[in-house]
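S.K.: Dropping the structure in here first, questions after.
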Amino acid sequence: MRSLLIALLLGASALAQAAVDVREFDSPEQEARYKHLIEELRCTVCQNQNIAGSNAELAQDLRRKTYEMIREGRSDAEILDYMVERYGNFVLYRPPLNTGTALLWFGPFLVFAFGGYQVLRVIRSRRARGATPSGVSEDQLRRAEELLREEGNKQ
């Protein structure tokens, strides 16, 4: 039992060490660009995680490719264009506003507005029918009160 626990701990520490990428840069500016870019690129496997924090194989490949392109002297725009060309706008955490991404930008607001409209419509229709929020009309409430009074008088 004890040896199993030790083996598990050693395996976990090996996995933790495997996630660390060691990259050498010619200048601190290159390193800063690299860190900025890997924070801005989304892991398309993990979806809600950038490639800096993902251990997915694709994220590792994207980090490697970003590193190589920086070392080749490519600009940030060229690197981002390459990633978008290969993986689409989804790879960017802040996709550009264009006809292809308009739903991404405005979709949540449209859903919220539609939901608010539906709630207002239901409230107005209930008021127009004279119903209380529980769906019971005033006549039904009066009748129930009369029945309760009659039952109370019988006892």
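S.K.: Could you look at the range 56-96 and say what percent of its accessible area is carbon and sulfur, using a 1.4 Å probe and all protein chains?
M.R.: Carbon plus sulfur share of accessible area: 45 percent.
S.K.: At Lys154 and Ser75, where each label point lies 7 Å from the Cα along Cα→Cβ, what is the point-to-point distance in nanometres?
M.R.: Placing both labels 7 Å beyond Cα along the Cβ direction yields 8.9 nm.
S.K.: Please give the Cα centre distance for the range 72-146 versus the range 32-51, rounded to the nearest Å.
M.R.: Here the answer is 27 Å between Cα centres.
S.K.: Asn50's amide H: which non-local residues (gap 5+, or another chain) put their own amide H closer than 5 Å, with H modeled 1.01 Å from N in plane and none for Pro or chain starts?
M.R.: HN-HN under 5 Å from Asn50: Cys43.
S.K.: Which GluC sites (Glu not before Pro) in the range 36-74 pass both tests, a DSSP loop state and at most 14 other beta-carbon atoms within 10 Å?
M.R.: Glu72
S.K.: Net charge around Ala144, counting only other residues with Cβ within less than 12 Å of its Cβ (Lys, Arg = +1; Asp, Glu = -1)?
M.R.: That sum, taken over residues with Cβ under 12 Å, equals -3.
S.K.: Students often check this: by mean Cβ neighbours within 10 Å, which of 50-56, 76-82 ranks highest, and how do the rest follow?
M.R.: Put in order of decreasing packing, that is 50-56, 76-82.
The values are calculated or read from the model by the stated rules, or taken from the named source; none is laboratory data. Only a predicted model underlies this, so the values are computations on that prediction, with no experimental measurement involved. Cβ sites come from the backbone with ideal geometry, for glycine too, and all protein chains shown count toward neighbours. The area values use the complete protein model at the heavy-atom level, side chains included, leaving out ligands, DNA and RNA. Shrake-Rupley method; radii C 1.70, N 1.55, O 1.52, S 1.80 Å.
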